[in-house]
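Undergrad: One structure coming up, written as structure tokens, with questions to follow.
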Amino acid sequence: MLHGRALTRIGDTFYNGRMTGTGMTAEAAEKLRRLDALLMEMGRVAIAFSGGTDSTFLVGHAQGIAGVQATAITVRSSLMPASDAELAARFCAERGIPHIVLEVDPLACADVRANGPDRCYHCKRVIMDAVAAAAAELDAIPCDGSNADDAFDYRPGAAALEELGIASPLAQVGLSKAEIRQAARCEGLPRWDAPASACLASRIPYGTPLAEDALLRVAQAEQILRAHGSSQVRVRAHGDVARIEVPAEDMASLVQPSVRTEVSRMLHGLGFAYVAVDMDGYRMGSLNEGLGGASDGT
């Protein structure tokens, strides 16, 4: 039987699937019941915490279940925007969640630096191996925030999770991204509506070796665009060309003379010789289109 804040966070009507004031379906409520039962069975969990929607929900939700000891583990690296790690640290500090920060350098791995189509596998092996080692020291089960939708994307890193014995509770109970967003909103968790985020390496075309300065330049370029009102943005770096992807509805404001001039000036200042807006707009995994259109959620 569920007890503690597992019921009081959202209220009995949520778990009863009556949708009163929540918008949740009975099916989603049942998945959350199963998630609570699974986490209670695990008891002590160490959750890879990037600060994105899925991992924020899993960490925050697990904390509220009686009998579950949850520790968040954030991996800082050149492949992760510094702002993401800061958000993760702030979330844990505000809620009193045990938080471990690991410094890991995936670029030390030659297969990651080579940036082939299987880069995500090698990167995930490096990062999650560190998470698994930290979890072992805590005598906890290592988990990540993969959701049920991820099974339909091109995600070579999923094999690394399986090899390392990383549990994916959200995917295991069948929670979709939309259901996670709704549940996070109902529970009052931040970033329930955060745009999709991904490793900075996903901005560099396959076959172009990864370098820390190029990753930092992409992170800075995207921060500039977010400051100008584009919340969902990707700057794909094709050598000295910055190819900007924003949703179609954001293009008009981006190309207004004052914004266009300022953004162009600032991106040139980062070292890009050419700055272009992709007329097809933002789409997940656009650099995977040469692999047959599969998406890796980036």
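Undergrad: Evaluate region 80-93: report whether one residue or more is more than 18 Å from the chain's Cα centre (by Cα) and surrounded by fewer than 20 Cβ atoms within 10 Å (Cβ to Cβ). It would help to see each step written out before you state the result.
TA: From region 80-93, those more than 18 Å from the chain's Cα centre (by Cα) are 93; that's our starting set.
Among the residues that remain, those that are also surrounded by fewer than 20 Cβ atoms within 10 Å (Cβ to Cβ) are: 93.
Yes, the conditions are met somewhere in region 80-93.
Undergrad: Are any of the residues in region 258-273 surrounded by fewer than 18 Cβ atoms within 10 Å (Cβ to Cβ), touching a Lys or Arg at 6+ places or on another chain (Cβ under 9 Å) and at pLDDT 95 or above?
TA: Yes: region 258-273 contains one or more residues that are surrounded by fewer than 18 Cβ atoms within 10 Å (Cβ to Cβ), touching a Lys or Arg at 6+ places or on another chain (Cβ under 9 Å) and at pLDDT 95 or above.
Undergrad: Mind listing whichever residues of region 21-65 are in contact with a strand residue (DSSP E or B) (Cβ under 6 Å, 6 or more places away or on another chain), within 23 Å of ALA85 (Cβ to Cβ) and part of a helix (DSSP H, G or I)? Outline the logic, then answer.
TA: At the first step, the residues of region 21-65 found to be in contact with a strand residue (DSSP E or B) (Cβ under 6 Å, 6 or more places away or on another chain) are 42, 44-49, 58-59, 62-63.
Narrowing further to those that are within 23 Å of ALA85 (Cβ to Cβ): 45-49, 58-59, 62-63.
If the condition is that a residue be in contact with a strand residue (DSSP E or B) (Cβ under 6 Å, 6 or more places away or on another chain), within 23 Å of ALA85 (Cβ to Cβ) and part of a helix (DSSP H, G or I), then LEU58, VAL59, ALA62, GLN63 are the ones that fit.
Undergrad: Looking at the structure I just gave you, is LEU79 more than 18 Å from ARG191 (Cβ to Cβ), touching a helix residue (DSSP H, G or I) at 6+ places or on another chain (Cβ under 8 Å) and at pLDDT 95 or above? Before you say what the answer is, go through the steps one by one.
TA: On the way: more than 18 Å from ARG191 (Cβ to Cβ): yes; touching a helix residue (DSSP H, G or I) at 6+ places or on another chain (Cβ under 8 Å): yes; at pLDDT 95 or above: yes.
Against the criterion (more than 18 Å from ARG191 (Cβ to Cβ), touching a helix residue (DSSP H, G or I) at 6+ places or on another chain (Cβ under 8 Å) and at pLDDT 95 or above), LEU79 qualifies.
Undergrad: Moving on. All but one of (1) closer than 25 Å to GLY157 by Cβ; (2) open to solvent by 30 Å² or more (accessible area, probe 1.4 Å); (3) of a type outside the set (Phe, Trp, Tyr) hold for ARG236; state the number of the condition that does not hold.
TA: (2)
Undergrad: Among the residues that make up region 241-253, is at least one of them free of Cβ contacts under 8 Å to residues at least 24 places away in the same chain, buried (at least 19 other Cβ atoms within 10 Å of the Cβ) and β-branched (Val, Ile, Thr)?
TA: Looking through region 241-253, none of the residues is free of Cβ contacts under 8 Å to residues at least 24 places away in the same chain, buried (at least 19 other Cβ atoms within 10 Å of the Cβ) and β-branched (Val, Ile, Thr).
Undergrad: Something else: Select from region 166-187 the residues that are touching a residue at least 40 places away in the same chain (Cβ under 8 Å) and assigned to a helix (DSSP H, G or I) and list them in ascending order.
TA: PRO169, LEU170, GLN172, LYS177, GLU179, ILE180, ARG181, GLN182, ALA183, ALA184, CYS186
Undergrad: Looking at (1) under 14 Å from the mean Cα position of the chain (by Cα); (2) modelled with pLDDT under 95; (3) open to solvent by 30 Å² or more (accessible area, probe 1.4 Å), find the lone condition where ARG181 falls short.
TA: Going through (1) under 14 Å from the mean Cα position of the chain (by Cα); (2) modelled with pLDDT under 95; (3) open to solvent by 30 Å² or more (accessible area, probe 1.4 Å) one by one, ARG181 breaks only (2).
Undergrad: Looking at region 100-109 only, could you name the residues that are within 18 Å of GLY51 (Cα to Cα), of a type in the set (D, E, K, R) and either modelled with pLDDT under 95 or assigned to a loop (DSSP other than H, G, I, E, B) (or both)?
TA: Once the filter is applied, which keeps residues that are within 18 Å of GLY51 (Cα to Cα), of a type in the set (D, E, K, R) and either modelled with pLDDT under 95 or assigned to a loop (DSSP other than H, G, I, E, B) (or both), region 100-109 yields nothing.
Undergrad: Scan VAL218, VAL173 and give me the residue that is β-branched (Val, Ile, Thr), buried (at least 16 other Cβ atoms within 10 Å of the Cβ), modelled with pLDDT of 95 or more and under 18 Å from the mean Cα position of the chain (by Cα). Walk me through how you get there before you give the answer.
TA: Details: VAL173 fails: under 18 Å from the mean Cα position of the chain (by Cα).
Being β-branched (Val, Ile, Thr), buried (at least 16 other Cβ atoms within 10 Å of the Cβ), modelled with pLDDT of 95 or more and under 18 Å from the mean Cα position of the chain (by Cα) holds for just one of VAL218, VAL173, which is VAL218.
Undergrad: Taking the condition open to solvent by less than 20 Å² (accessible area, probe 1.4 Å), within 17 Å of PRO142 (Cα to Cα) and part of a loop (DSSP other than H, G, I, E, B), does ILE97 pass? Quick ask: steps written out before the conclusion?
TA: Numbers: open to solvent by less than 20 Å² (accessible area, probe 1.4 Å): yes; within 17 Å of PRO142 (Cα to Cα): yes; part of a loop (DSSP other than H, G, I, E, B): yes.
Criteria met by ILE97.
Undergrad: Next question, about the same structure. Report, by residue number, each residue of region 121-165 that is of a type in the set (Gly, Ala, Ser), more than 18 Å from THR53 (Cα to Cα) and either open to solvent by 20 Å² or more (accessible area, probe 1.4 Å) or in a helix (DSSP H, G or I) (or both).
TA: Initial filter on region 121-165 (of a type in the set (Gly, Ala, Ser)): 130, 132-136, 140, 145-146, 148, 151, 157-160, 165.
Narrowing the set further to residues that are more than 18 Å from THR53 (Cα to Cα) leaves 130, 132-136, 140, 157-160, 165.
Of everything in region 121-165, those that are of a type in the set (Gly, Ala, Ser), more than 18 Å from THR53 (Cα to Cα) and either open to solvent by 20 Å² or more (accessible area, probe 1.4 Å) or in a helix (DSSP H, G or I) (or both) turn out to be ALA130, ALA132, ALA133, ALA134, ALA135, ALA136, GLY157, ALA158, ALA159, ALA160, GLY165.
Undergrad: Do we find a residue being crowded, with 20+ Cβ neighbours inside 10 Å and part of a helix (DSSP H, G or I) anywhere in region 110-117?
TA: yes
Undergrad: Is it true that ARG76 is farther than 19 Å from PHE49 by Cβ and in contact with a Leu (Cβ under 8 Å, 6 or more places away or on another chain)?
TA: On the way: farther than 19 Å from PHE49 by Cβ: no; in contact with a Leu (Cβ under 8 Å, 6 or more places away or on another chain): yes.
Criteria not met by ARG76.
Undergrad: Also, I was wondering about something else. Taking VAL255 as the residue in question, decide whether it is among the aliphatic types (A, V, I, L, M) and closer than 28 Å to ASP111 by Cβ. Show your work before the answer.
TA: Details: among the aliphatic types (A, V, I, L, M): yes; closer than 28 Å to ASP111 by Cβ: no.
No, not satisfied.
The values are calculated or read from the model by the stated rules, or taken from the named source; none is laboratory data. Model, not experiment: these values are computed from the prediction. Virtual Cβ from ideal backbone geometry, glycine too; neighbours counted across all protein chains shown. Surface accessibility is based on the protein's heavy atoms, side chains included, excluding ligands, DNA and RNA. Shrake-Rupley method; radii C 1.70, N 1.55, O 1.52, S 1.80 Å.
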